Amino acid sequence: MDLPKLAIAALGGTVSMQARNAGEGIVPAVTGETLLESVPELATLARVSVETLGLLPSASLDFEFLLGVLSWANVQIQQGAIGVVITQGTDTLEETATFFDYLWAHDQPLVLTGAMRSAANAGADGPANLLDACRVALAANSRQRGVQVVMNGQIHCASAVRKTDSLALQAFSSTIVGPVGMLVENTIHYLRPPAQRKVLPLPQQTTQKIALLEASLSADSLMLESILELGYDGLVIAGFGAGHVPENWAEVIETIAGKIPVIIATRTGSGSTARSTYGFIGGEMDLIRKGASMAGLLCPRKARVLLWLLVGCQRQDALASYLSKD
Ligand code: GLU
(Lines give C-alpha, C1' and ligand atoms only; values in the text may rest on other atoms or scores of the structure.)
Protein backbone atom coordinates (compact mmCIF):
# COMPACT_ATOMS: atom_id res chain seq x y z
CA MET A 1 0.00 0.00 0.00
CA ASP A 2 1.21 3.49 -0.84
CA LEU A 3 1.36 5.30 2.49
CA PRO A 4 0.86 9.09 2.68
CA LYS A 5 3.84 11.35 3.22
CA LEU A 6 4.17 13.07 6.59
CA ALA A 7 6.88 15.55 7.56
CA ILE A 8 8.02 16.00 11.15
CA ALA A 9 10.38 18.61 12.58
CA ALA A 10 11.83 18.72 16.09
CA LEU A 11 12.66 22.09 17.64
CA GLY A 12 13.50 21.01 21.22
CA GLY A 13 11.52 21.39 24.45
CA THR A 14 10.83 18.85 27.19
CA VAL A 15 9.85 16.23 24.62
CA SER A 16 13.49 16.40 23.42
CA MET A 17 15.12 16.83 26.82
CA GLN A 18 17.32 14.60 28.91
CA ALA A 19 19.98 15.09 31.58
CA ARG A 20 23.56 14.89 30.32
CA ASN A 21 24.75 13.49 33.67
CA ALA A 22 22.87 11.99 36.61
CA GLY A 23 21.61 14.67 38.97
CA GLU A 24 21.78 17.48 36.41
CA GLY A 25 18.69 19.23 35.04
CA ILE A 26 17.27 18.20 31.69
CA VAL A 27 18.26 20.10 28.52
CA PRO A 28 17.27 19.68 24.85
CA ALA A 29 19.38 16.83 23.47
CA VAL A 30 17.19 14.27 21.70
CA THR A 31 16.98 14.57 17.92
CA GLY A 32 13.82 14.16 15.87
CA GLU A 33 15.20 10.88 14.50
CA THR A 34 15.50 9.48 18.04
CA LEU A 35 12.03 10.77 18.97
CA LEU A 36 10.63 8.74 16.08
CA GLU A 37 12.06 5.54 17.57
CA SER A 38 9.57 5.96 20.44
CA VAL A 39 6.61 5.64 18.03
CA PRO A 40 7.35 2.57 15.85
CA GLU A 41 3.64 2.27 15.00
CA LEU A 42 3.93 5.42 12.91
CA ALA A 43 5.76 3.50 10.18
CA THR A 44 2.51 1.61 9.49
CA LEU A 45 0.59 4.88 9.00
CA ALA A 46 2.86 7.07 6.89
CA ARG A 47 6.10 7.54 5.01
CA VAL A 48 7.78 9.81 7.47
CA SER A 49 10.58 12.28 6.92
CA VAL A 50 12.04 13.90 10.02
CA GLU A 51 14.40 16.81 10.61
CA THR A 52 15.88 18.35 13.71
CA LEU A 53 15.61 22.07 13.04
CA GLY A 54 16.57 23.07 16.56
CA LEU A 55 17.37 21.81 20.05
CA LEU A 56 16.11 24.73 22.08
CA PRO A 57 14.00 25.37 25.13
CA SER A 58 10.89 27.04 23.74
CA ALA A 59 11.65 30.19 25.73
CA SER A 60 14.57 30.73 23.34
CA LEU A 61 12.68 30.37 20.07
CA ASP A 62 12.16 33.65 18.24
CA PHE A 63 10.07 34.95 15.34
CA GLU A 64 12.94 34.91 12.84
CA PHE A 65 13.74 31.29 13.66
CA LEU A 66 10.03 30.44 13.31
CA LEU A 67 9.96 32.03 9.84
CA GLY A 68 12.71 29.57 8.87
CA VAL A 69 10.64 26.68 10.28
CA LEU A 70 7.62 27.93 8.32
CA SER A 71 9.57 27.98 5.09
CA TRP A 72 10.76 24.40 5.77
CA ALA A 73 7.10 23.38 6.37
CA ASN A 74 5.99 25.09 3.13
CA VAL A 75 8.60 23.09 1.20
CA GLN A 76 7.33 19.84 2.77
CA ILE A 77 3.80 20.56 1.51
CA GLN A 78 5.11 21.51 -1.94
CA GLN A 79 6.95 18.19 -2.01
CA GLY A 80 3.78 16.24 -1.33
CA ALA A 81 3.43 15.91 2.47
CA ILE A 82 -0.23 15.62 3.42
CA GLY A 83 0.50 17.09 6.82
CA VAL A 84 3.29 18.54 8.96
CA VAL A 85 4.01 17.92 12.65
CA ILE A 86 6.32 20.08 14.74
CA THR A 87 7.52 19.12 18.22
CA GLN A 88 8.65 21.89 20.54
CA GLY A 89 8.64 23.09 24.13
CA THR A 90 5.25 23.78 25.61
CA ASP A 91 6.12 27.04 27.38
CA THR A 92 5.57 29.15 24.26
CA LEU A 93 3.44 26.73 22.25
CA GLU A 94 0.40 29.01 22.41
CA GLU A 95 2.44 31.78 20.77
CA THR A 96 4.15 29.69 18.09
CA ALA A 97 0.79 28.10 17.17
CA THR A 98 -0.70 31.57 16.72
CA PHE A 99 2.32 32.76 14.74
CA PHE A 100 2.13 29.84 12.30
CA ASP A 101 -1.65 30.01 12.06
CA TYR A 102 -1.57 33.60 10.80
CA LEU A 103 0.89 32.53 8.07
CA TRP A 104 -0.22 29.00 7.14
CA ALA A 105 -1.80 29.22 3.69
CA HIS A 106 -2.38 25.50 3.04
CA ASP A 107 -5.38 23.20 3.42
CA GLN A 108 -3.04 20.56 4.81
CA PRO A 109 -2.79 20.51 8.60
CA LEU A 110 0.14 21.86 10.57
CA VAL A 111 0.07 20.26 14.01
CA LEU A 112 2.20 21.27 17.01
CA THR A 113 2.86 19.07 20.00
CA GLY A 114 5.27 18.59 22.89
CA ALA A 115 5.43 16.93 26.26
CA MET A 116 5.04 17.85 29.89
CA ARG A 117 7.22 14.96 31.10
CA SER A 118 10.60 14.08 29.65
CA ALA A 119 11.37 10.57 28.41
CA ALA A 120 13.09 9.75 31.72
CA ASN A 121 9.90 10.40 33.75
CA ALA A 122 7.48 7.59 34.56
CA GLY A 123 4.42 8.09 32.37
CA ALA A 124 6.25 10.27 29.83
CA ASP A 125 3.66 11.79 27.50
CA GLY A 126 5.93 12.63 24.55
CA PRO A 127 5.45 9.43 22.49
CA ALA A 128 1.65 9.44 22.92
CA ASN A 129 1.42 13.13 22.02
CA LEU A 130 3.66 12.67 18.97
CA LEU A 131 1.66 9.70 17.70
CA ASP A 132 -1.63 11.56 18.33
CA ALA A 133 -0.30 14.65 16.52
CA CYS A 134 0.69 12.50 13.54
CA ARG A 135 -2.75 10.86 13.46
CA VAL A 136 -4.36 14.32 13.45
CA ALA A 137 -2.01 15.55 10.70
CA LEU A 138 -2.83 12.49 8.57
CA ALA A 139 -6.61 12.66 9.01
CA ALA A 140 -8.73 13.83 6.05
CA ASN A 141 -11.08 15.71 8.41
CA SER A 142 -8.14 17.82 9.68
CA ARG A 143 -7.85 19.69 6.36
CA GLN A 144 -8.70 23.42 6.21
CA ARG A 145 -8.28 23.79 9.96
CA GLY A 146 -5.02 25.73 9.89
CA VAL A 147 -2.68 25.17 12.78
CA GLN A 148 -3.71 22.98 15.70
CA VAL A 149 -2.13 21.89 18.97
CA VAL A 150 -2.47 18.27 20.06
CA MET A 151 -1.73 17.51 23.70
CA ASN A 152 -3.06 14.91 26.13
CA GLY A 153 -5.64 13.48 23.73
CA GLN A 154 -7.16 16.87 22.89
CA ILE A 155 -7.02 19.01 19.75
CA HIS A 156 -6.96 22.78 20.17
CA CYS A 157 -7.30 25.59 17.63
CA ALA A 158 -4.26 27.87 17.51
CA SER A 159 -6.44 30.93 18.07
CA ALA A 160 -7.87 29.67 21.36
CA VAL A 161 -5.25 27.46 22.98
CA ARG A 162 -3.41 28.59 26.08
CA LYS A 163 -1.00 26.96 28.48
CA THR A 164 -3.01 27.17 31.69
CA ASP A 165 -0.96 24.95 33.97
CA SER A 166 2.78 25.05 34.50
CA LEU A 167 3.52 21.39 35.16
CA ALA A 168 0.34 19.29 34.98
CA LEU A 169 -0.15 16.74 32.22
CA GLN A 170 -3.37 18.55 31.28
CA ALA A 171 -1.55 21.83 30.72
CA PHE A 172 -3.50 23.21 27.74
CA SER A 173 -7.02 24.56 27.49
CA SER A 174 -9.04 26.51 25.01
CA THR A 175 -10.86 28.85 27.35
CA ILE A 176 -14.49 29.73 26.52
CA VAL A 177 -14.69 27.50 23.41
CA GLY A 178 -13.08 24.27 24.66
CA PRO A 179 -10.98 21.89 22.57
CA VAL A 180 -11.97 21.72 18.90
CA GLY A 181 -11.63 17.96 18.86
CA MET A 182 -10.27 14.85 20.52
CA LEU A 183 -8.78 11.47 19.78
CA VAL A 184 -11.04 8.54 20.59
CA GLU A 185 -9.53 5.09 20.07
CA ASN A 186 -7.04 6.62 17.63
CA THR A 187 -9.69 8.28 15.47
CA ILE A 188 -10.10 12.01 15.15
CA HIS A 189 -13.36 13.56 16.28
CA TYR A 190 -14.02 17.22 15.63
CA LEU A 191 -16.62 18.98 17.75
CA ARG A 192 -16.91 22.09 15.54
CA PRO A 193 -16.56 22.83 11.82
CA PRO A 194 -13.38 24.63 10.70
CA ALA A 195 -13.34 28.32 11.65
CA GLN A 196 -12.86 31.12 9.12
CA ARG A 197 -9.18 32.10 9.03
CA LYS A 198 -7.46 35.19 7.66
CA VAL A 199 -3.94 34.49 6.48
CA LEU A 200 -1.39 37.30 6.51
CA PRO A 201 1.38 37.85 3.97
CA LEU A 202 4.90 37.06 5.14
CA PRO A 203 6.48 39.96 7.02
CA GLN A 204 8.93 41.91 4.85
CA GLN A 205 10.75 43.12 7.93
CA THR A 206 11.61 41.41 11.21
CA THR A 207 13.22 44.17 13.23
CA GLN A 208 9.97 45.59 14.64
CA LYS A 209 9.65 45.60 18.42
CA ILE A 210 6.32 45.11 20.18
CA ALA A 211 6.23 45.70 23.94
CA LEU A 212 3.95 43.78 26.30
CA LEU A 213 3.18 45.33 29.68
CA GLU A 214 0.82 44.02 32.35
CA ALA A 215 -1.31 46.38 34.43
CA SER A 216 -1.10 45.77 38.17
CA LEU A 217 -2.49 47.37 41.28
CA SER A 218 -0.80 50.66 42.19
CA ALA A 219 1.53 50.41 39.18
CA ASP A 220 3.75 53.37 38.30
CA SER A 221 3.92 54.51 34.67
CA LEU A 222 7.72 54.72 34.30
CA MET A 223 8.10 51.85 31.82
CA LEU A 224 5.02 52.93 29.91
CA GLU A 225 6.38 56.47 29.56
CA SER A 226 9.58 55.09 28.02
CA ILE A 227 7.91 53.06 25.25
CA LEU A 228 8.22 55.65 22.46
CA GLU A 229 11.68 56.75 23.49
CA LEU A 230 12.84 53.13 23.44
CA GLY A 231 11.75 52.85 19.82
CA TYR A 232 8.92 50.33 20.11
CA ASP A 233 6.70 49.95 17.05
CA GLY A 234 3.66 48.70 18.91
CA LEU A 235 2.37 48.08 22.44
CA VAL A 236 0.13 45.43 23.97
CA ILE A 237 -1.20 45.91 27.48
CA ALA A 238 -2.51 43.02 29.55
CA GLY A 239 -5.16 45.09 31.26
CA PHE A 240 -7.36 44.47 34.26
CA GLY A 241 -10.72 42.75 33.81
CA ALA A 242 -12.42 43.66 30.55
CA GLY A 243 -9.42 45.73 29.38
CA HIS A 244 -8.74 48.46 31.93
CA VAL A 245 -5.68 50.30 33.21
CA PRO A 246 -4.92 52.60 36.16
CA GLU A 247 -5.91 56.25 35.70
CA ASN A 248 -2.24 57.32 35.62
CA TRP A 249 -1.70 55.08 32.56
CA ALA A 250 -4.64 56.38 30.51
CA GLU A 251 -3.12 59.70 29.45
CA VAL A 252 0.23 58.12 28.61
CA ILE A 253 -1.58 55.55 26.46
CA GLU A 254 -3.26 58.36 24.52
CA THR A 255 0.15 59.85 23.66
CA ILE A 256 1.54 56.46 22.66
CA ALA A 257 -1.55 55.52 20.61
CA GLY A 258 -1.09 58.75 18.63
CA LYS A 259 2.22 57.34 17.33
CA ILE A 260 2.10 53.52 17.34
CA PRO A 261 -0.66 50.86 17.54
CA VAL A 262 -1.77 50.00 21.08
CA ILE A 263 -3.84 46.89 21.89
CA ILE A 264 -5.53 46.38 25.25
CA ALA A 265 -6.15 42.71 26.17
CA THR A 266 -7.32 41.15 29.40
CA ARG A 267 -4.87 39.76 31.94
CA THR A 268 -7.54 37.47 33.45
CA GLY A 269 -6.67 34.38 31.39
CA SER A 270 -10.16 33.98 29.96
CA GLY A 271 -12.91 35.98 28.33
CA SER A 272 -13.16 38.99 26.07
CA THR A 273 -12.38 42.64 26.51
CA ALA A 274 -15.39 44.99 26.52
CA ARG A 275 -16.11 47.94 24.20
CA SER A 276 -19.05 49.83 25.57
CA THR A 277 -19.62 49.08 29.25
CA TYR A 278 -17.21 51.08 31.43
CA GLY A 279 -16.82 54.84 31.12
CA PHE A 280 -14.28 55.62 33.88
CA ILE A 281 -10.81 57.00 33.06
CA GLY A 282 -8.70 53.97 32.12
CA GLY A 283 -11.83 51.95 31.31
CA GLU A 284 -12.26 50.47 27.84
CA MET A 285 -14.52 53.26 26.49
CA ASP A 286 -11.97 55.86 27.57
CA LEU A 287 -9.07 53.85 26.09
CA ILE A 288 -10.86 53.37 22.77
CA ARG A 289 -11.52 57.13 22.65
CA LYS A 290 -7.81 57.66 23.32
CA GLY A 291 -6.89 55.56 20.26
CA ALA A 292 -6.31 52.07 21.67
CA SER A 293 -7.75 48.89 20.11
CA MET A 294 -9.41 46.18 22.22
CA ALA A 295 -8.08 42.62 21.78
CA GLY A 296 -11.45 40.86 22.13
CA LEU A 297 -10.79 37.18 22.90
CA LEU A 298 -7.13 37.34 21.91
CA CYS A 299 -4.92 36.90 24.96
CA PRO A 300 -2.11 39.47 25.44
CA ARG A 301 0.57 37.17 24.03
CA LYS A 302 -1.42 36.28 20.91
CA ALA A 303 -2.25 39.95 20.40
CA ARG A 304 1.49 40.71 20.49
CA VAL A 305 2.18 38.04 17.84
CA LEU A 306 -0.55 39.51 15.63
CA LEU A 307 0.77 43.05 16.00
CA TRP A 308 4.35 41.95 15.24
CA LEU A 309 3.16 40.27 12.04
CA LEU A 310 0.93 43.17 10.99
CA VAL A 311 3.68 45.75 11.50
CA GLY A 312 6.08 43.40 9.69
CA CYS A 313 3.93 43.43 6.55
CA GLN A 314 2.86 47.09 6.95
CA ARG A 315 -0.75 46.15 7.56
CA GLN A 316 -1.17 47.77 10.97
CA ASP A 317 -4.02 49.83 9.49
CA ALA A 318 -5.97 46.57 9.12
CA LEU A 319 -5.62 45.75 12.83
CA ALA A 320 -9.32 46.28 13.57
CA SER A 321 -10.37 43.67 11.00
CA TYR A 322 -8.09 41.07 12.61
CA LEU A 323 -9.51 41.80 16.05
CA SER A 324 -13.18 42.15 15.10
CA LYS A 325 -13.53 38.47 14.16
CA ASP A 326 -13.54 37.88 17.91
N1 GLU B 1 7.53 22.55 30.11
C2 GLU B 1 8.27 23.03 29.00
C3 GLU B 1 8.15 22.00 27.87
O4 GLU B 1 7.19 21.36 27.89
C5 GLU B 1 9.63 23.47 29.38
C6 GLU B 1 10.62 23.72 28.33
C7 GLU B 1 10.21 24.37 27.03
O8 GLU B 1 9.14 24.94 26.89
O9 GLU B 1 11.03 24.28 26.12
O10 GLU B 1 8.88 21.79 26.97
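Does Thr187 count as loosely packed, with under 13 Cβ neighbours inside 10 Å, out of contact with any Asp or Glu (no Cβ under 6 Å at 6 or more places or on another chain) and β-branched (Val, Ile, Thr)?
Yes, satisfied.
Restricting the first residue to the range 90-105 and requiring it to be closer than 14 Å to Tyr322 by Cβ, which pairs with a second residue that is of a type in the set (A, V, I, L, M) and part of a loop (DSSP other than H, G, I, E, B) meet a Cβ separation below 8 Å and a spacing of at least six or different chains?
If the second residue must be of a type in the set (A, V, I, L, M) and part of a loop (DSSP other than H, G, I, E, B), the pairs left are Thr98/Ala158; Asp101/Ala158; Tyr102/Val199; Tyr102/Leu200; Leu103/Val199; Leu103/Leu200; Leu103/Leu202.
Does Gly89 qualify as being within 21 Å of Cys299 (Cα to Cα), touching a Pro at 6+ places or on another chain (Cβ under 8 Å) and not hydroxyl-bearing (Ser, Thr, Tyr)?
yes
Of all residues in the range 251-279, count the ones that are under 22 Å from Leu309 (Cα atoms) and either in contact (Cβ under 8 Å) with a residue 40 or more places away in the chain or not in a loop (DSSP other than H, G, I, E, B) (or both).
Residues flagged as under 22 Å from Leu309 (Cα atoms) and either in contact (Cβ under 8 Å) with a residue 40 or more places away in the chain or not in a loop (DSSP other than H, G, I, E, B) (or both) within the range 251-279 amount to 11.
Within the bounds of the range 194-216, is there any residue that is assigned to a loop (DSSP other than H, G, I, E, B), acidic (Asp, Glu) and out of contact with any Cys (no Cβ under 8 Å at 6 or more places or on another chain)?
Looking through the range 194-216, none of the residues is assigned to a loop (DSSP other than H, G, I, E, B), acidic (Asp, Glu) and out of contact with any Cys (no Cβ under 8 Å at 6 or more places or on another chain).
Consider Gly23 against the criteria (1) free of Cβ contacts under 8 Å to residues at least 40 places away in the same chain; (2) part of a helix (DSSP H, G or I): it satisfies all of them except one. Which criterion is unmet?
Failed condition: (2).
Give the residue that is nearest to the chain's Cα centre (by Cα), with candidates limited to residues of the range 212-234 that are within 21 Å of Gly296 (Cα to Cα) and free of Cβ contacts under 8 Å to residues at least 40 places away in the same chain.
In this case the residue turns out to be Leu213.
Does any residue in the range 32-58 that is among the basic types (Lys, Arg) come within less than 8 Å, Cβ to Cβ, of a residue that is away from the ligand (no atom under 16 Å from the Cβ) six or more places away or on a different chain, and which pairs are these?
Cβ pairs passing all conditions: Arg47/Leu3; Arg47/Pro4; Arg47/Lys5; Arg47/Leu6.
Report yes if some residue within the range 182-193 is over 21 Å from the mean Cα position of the chain (by Cα), more than 30 Å from Ala137 (Cβ to Cβ) and not small (Gly, Ala, Ser); otherwise report no.
Checking the range 182-193: not a single residue is over 21 Å from the mean Cα position of the chain (by Cα), more than 30 Å from Ala137 (Cβ to Cβ) and not small (Gly, Ala, Ser).
For Ala318, all conditions in the list (1) assigned to a helix (DSSP H, G or I); (2) buried (at least 18 other Cβ atoms within 10 Å of the Cβ) hold save one; what is the number of the exception?
The one condition Ala318 does not meet is (2).
If you go through the range 280-303 one residue at a time, how many are in a helix (DSSP H, G or I) and either among the small types (Gly, Ala, Ser) or under 18 Å from Leu202 (Cβ atoms) (or both)?
1
Inspect all residues belonging to the range 57-67 and state whether any of them is crowded, with 23+ Cβ neighbours inside 10 Å, part of a loop (DSSP other than H, G, I, E, B) and not charged (D, E, K, R).
Yes, there is a match, as at least one residue in the range 57-67 is crowded, with 23+ Cβ neighbours inside 10 Å, part of a loop (DSSP other than H, G, I, E, B) and not charged (D, E, K, R).
Could you list, ordered by first residue, the pairs with Cβ atoms under 8 Å in which the first is in the range 155-175 and more than 16 Å from Thr92 (Cβ to Cβ) and the second is aliphatic (A, V, I, L, M) and near the ligand (Cβ under 10 Å from one of its atoms), at least 6 apart or interchain?
Ala168/Met116; Leu169/Met116
Going through the range 42-62 one residue at a time, which ones are within 16 Å of the ligand (Cβ to nearest atom) and either in contact with a strand residue (DSSP E or B) (Cβ under 7 Å, 6 or more places away or on another chain) or of a type in the set (Gly, Ala, Ser) (or both)?
Residues satisfying the conditions are Thr52, Leu53, Gly54, Leu55, Leu56, Pro57, Ser58, Ala59, Ser60, Leu61.
Return the only residue of Gly25, Gly12 being surrounded by 21 or more Cβ atoms within 10 Å (Cβ to Cβ) and within 15 Å of the ligand (Cβ to nearest atom).
Step by step, each of Gly25, Gly12 is checked, and only Gly12 is surrounded by 21 or more Cβ atoms within 10 Å (Cβ to Cβ) and within 15 Å of the ligand (Cβ to nearest atom).
Can you go through Ala133, Ala128, Ala119 and tell me which one is at pLDDT below 95, within 16 Å of the ligand (Cβ to nearest atom), of a type in the set (Gly, Ala, Ser) and surrounded by 14 or more Cβ atoms within 10 Å (Cβ to Cβ)?
Numbers: Ala133 fails: at pLDDT below 95; Ala128 fails: at pLDDT below 95.
The conditions single out Ala119.
Can you tell me which residues in the range 155-179 are farther than 15 Å from Gly114 by Cβ, among the small types (Gly, Ala, Ser) and part of a loop (DSSP other than H, G, I, E, B)?
Listed by number, the residues that qualify are Ser159, Ala160, Gly178.
When you check Arg289 against the structure, is it basic (Lys, Arg) and closer than 18 Å to Thr98 by Cα, yes or no?
no
The values are calculated or read from the model by the stated rules, or taken from the named source; none is laboratory data. Predicted model only: the values in this text are computed from it and were never measured. Cβ sites come from the backbone with ideal geometry, for glycine too, and all protein chains shown count toward neighbours.
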